[in-house]
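Trainee: Before I ask anything, let me first share the structure, which is written out below as structure tokens.
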Amino acid sequence: MSTLLIKNAQVVVTMDDHRREIMDGGLFIKDGFIEQVGESDQLPTKADQVLDLTGHIVLPGLVNTHHHFYQTLTRVVPEAQDANLFHWLKTLYPIWARMKPEDIRISTKTALAELALSGCTTASDHLYLFPNGSRLDDEIEAALEVGVRLHASRGSMSLGESKGGLPPDSVVEDEKQILKDSQRLIEAYHDSTPGSYTQIVLAPCSPFSVTGDLMRESAALAREYGVQLHTHLAETEDEVDFTIKKFGKRPVAYMEEVNWIGSDVWFAHSVYLNDEEIGVYADHDCGVAHCPSSNMRLASGAARILDLTAAGVDVGLGVDGSASNDGSHMIEEARQAMLLARLRAGIKGASRSGEENAPIMSARQVLELATRGGAAVLGRKDIGSLEPGKAADFTAINLNRIDYAGALHDPVAAVIFCAPVKVDYTVVGGKLVVKEGKLTTLELPKLIETHNQAAARLLNG
């Protein structure tokens, strides 16, 4: 039995059902789970480890609901810098086809290190190509070394160019092999117990890269084993046009046809939804991974996040791939989400309405998306807030820094409104992954050097 006491934080943002913000607060943690949350003088005075967080804000660990770790190896590739989604993919597919197992491992460590340094404690990754012997196992093993919780999505592409799909035939797989490997991974790694570090998700890549048969069979397999389903959907107008031309339906209607609507499904992006489709999501408890930086980077558009949340749809944040963002900073993603929602509201005329309470996103609303919203999207009841019984996942930021000078009238809002910063502590299951701004589980200089060598090798063929 091990205990950890967190005390004297300037404010603890619980994100519990009452959204309590506790001044001079702290946590008492036993064996990786929270036992008590409250003011510091109400907590035990002794523990195996005591962390005095005077001057810090403590937040629930941030939850990243959509990523492609391997793309850290192809950031800012010149030919892909100014392309929309389909052209961007066409440019990068041949480069990604050169990846090897060691590239999957090093990119996983790099992406998770960056996420941890921005306060992320749980990340979902979507790996959908497996060239040269690469396996999802490579990612899972690397993530365990970093110490961040992972929802490892067994992605897939089976519809190559020769069959009317977008990806080249060189990066697609046989559907029987995809399903066989999906079953193997679930049986080998999926852990649904509270506080689990590894969960498997089945995630055919997109409507333009797999067949309807694979979508249906993946859904049946996932439901047999009780794991979640994930895919990209309605990300761009090109995708909507492709789906109508290929299947005779808009993306959401196509998902209904292939049995991909339900509380065990979440979709990345969902930029191009109409009112009826938002209603389908709400009626069937589908979740959304909102990726504002990527949507802006690829000129895809701005998702209707306030409309989705108003309808009761669970929404989380995703940094998306590191070749379409090109970073993995969760606090920055939260800030971008708030600003993009406000921009969209302004374009619609909310800022000119004259109403005192115009419908624009607040800092606390977006912080909720980044924490308990993401937990709901991933189907996790053990993370997303700081309260007794939950996993001891949190992040802490020292407020005494130039970035927040003059902004401490409201420290909670300052984290989102002010320029994004690296966090000082990231704790997962009561274990320090980031301590005093430095990773404890990896040697960062060596990681960066090895990663850059791998990236250069990949781009140079």
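The values are calculated or read from the model by the stated rules, or taken from the named source; none is laboratory data. Predicted model, so just to flag it, every value in this text is computed and none were measured. For neighbour counting, all protein chains shown are included, and Cβ atoms are generated from backbone atoms with ideal geometry for every residue, glycine included.
Trainee: Applying the selection to the range 426-443, what residues are of a type outside the set (Val, Ile, Thr) and either more than 29 Å from THR3 (Cβ to Cβ) or surrounded by 13 or more Cβ atoms within 10 Å (Cβ to Cβ) (or both)?
Mentor: Of everything in the range 426-443, those that are of a type outside the set (Val, Ile, Thr) and either more than 29 Å from THR3 (Cβ to Cβ) or surrounded by 13 or more Cβ atoms within 10 Å (Cβ to Cβ) (or both) turn out to be GLY429, GLY430, LYS431, LEU432, LYS435, GLY437, LEU439, LEU442.
Trainee: Does at least one position in the range 176-183 carry a residue that is of a type in the set (Ser, Thr, Tyr), outside any loop (DSSP other than H, G, I, E, B) and either within 24 Å of the chain's Cα centre (by Cα) or closer than 14 Å to SER158 by Cα (or both)?
Mentor: For the range 176-183, residues of a type in the set (Ser, Thr, Tyr), outside any loop (DSSP other than H, G, I, E, B) and either within 24 Å of the chain's Cα centre (by Cα) or closer than 14 Å to SER158 by Cα (or both): present.
Trainee: Further question on the same structure: Scan the range 208-217 and give yes if some residue there is in contact (Cβ under 8 Å) with a residue 24 or more places away in the chain, part of a helix (DSSP H, G or I), of a type outside the set (A, V, I, L, M, F, W, C) and buried (at least 24 other Cβ atoms within 10 Å of the Cβ), otherwise no.
Mentor: No, the conditions are met nowhere in the range 208-217.
Trainee: LEU458 versus (1) in contact (Cβ under 8 Å) with a residue 40 or more places away in the chain; (2) closer than 24 Å to LEU27 by Cβ: which is the lone unmet condition?
Mentor: Evaluating LEU458 over (1) in contact (Cβ under 8 Å) with a residue 40 or more places away in the chain; (2) closer than 24 Å to LEU27 by Cβ leaves (2) as the failure.
Trainee: Any idea which of TYR254, TYR225, TYR197, TYR189 is farther than 25 Å from THR108 by Cα, within 24 Å of the chain's Cα centre (by Cα), modelled with pLDDT of 95 or more and among the hydroxyl-bearing types (Ser, Thr, Tyr)?
Mentor: Just a single option satisfies the conditions, and that option is TYR225.
Trainee: Among the listed residues ILE305, ILE261, which satisfies the condition of being buried (at least 19 other Cβ atoms within 10 Å of the Cβ), within 21 Å of PHE208 (Cα to Cα) and among the aliphatic types (A, V, I, L, M)?
Mentor: ILE261
Trainee: Continuing with the same structure: Assess whether GLU79 counts as being free of Cβ contacts under 8 Å to residues at least 24 places away in the same chain and assigned by TED's automatic domain parsing to the domain that holds SER118.
Mentor: Yes.
Trainee: Do any residues in the range 175-193 that are assigned by TED's automatic domain parsing to the domain that holds GLU217 and closer than 17 Å to GLY160 by Cβ have Cβ atoms under 9 Å from those of residues that are hydroxyl-bearing (Ser, Thr, Tyr) and surrounded by fewer than 18 Cβ atoms within 10 Å (Cβ to Cβ), where the two are at least six apart or on different chains, and which pairs are they?
Mentor: So the pair list comes out as GLU175/THR211.
Trainee: Has the range 423-430 got at least one residue that is part of a helix (DSSP H, G or I), under 18 Å from LEU59 (Cα atoms) and at pLDDT 95 or above?
Mentor: For the range 423-430, residues part of a helix (DSSP H, G or I), under 18 Å from LEU59 (Cα atoms) and at pLDDT 95 or above: absent.
Trainee: Do the conditions hold for ALA370, that is, is it touching a helix residue (DSSP H, G or I) at 6+ places or on another chain (Cβ under 9 Å), among the aliphatic types (A, V, I, L, M), assigned by TED's automatic domain parsing to the domain that holds TYR281 and not in a loop (DSSP other than H, G, I, E, B)?
Mentor: Against the criterion (touching a helix residue (DSSP H, G or I) at 6+ places or on another chain (Cβ under 9 Å), among the aliphatic types (A, V, I, L, M), assigned by TED's automatic domain parsing to the domain that holds TYR281 and not in a loop (DSSP other than H, G, I, E, B)), ALA370 qualifies.
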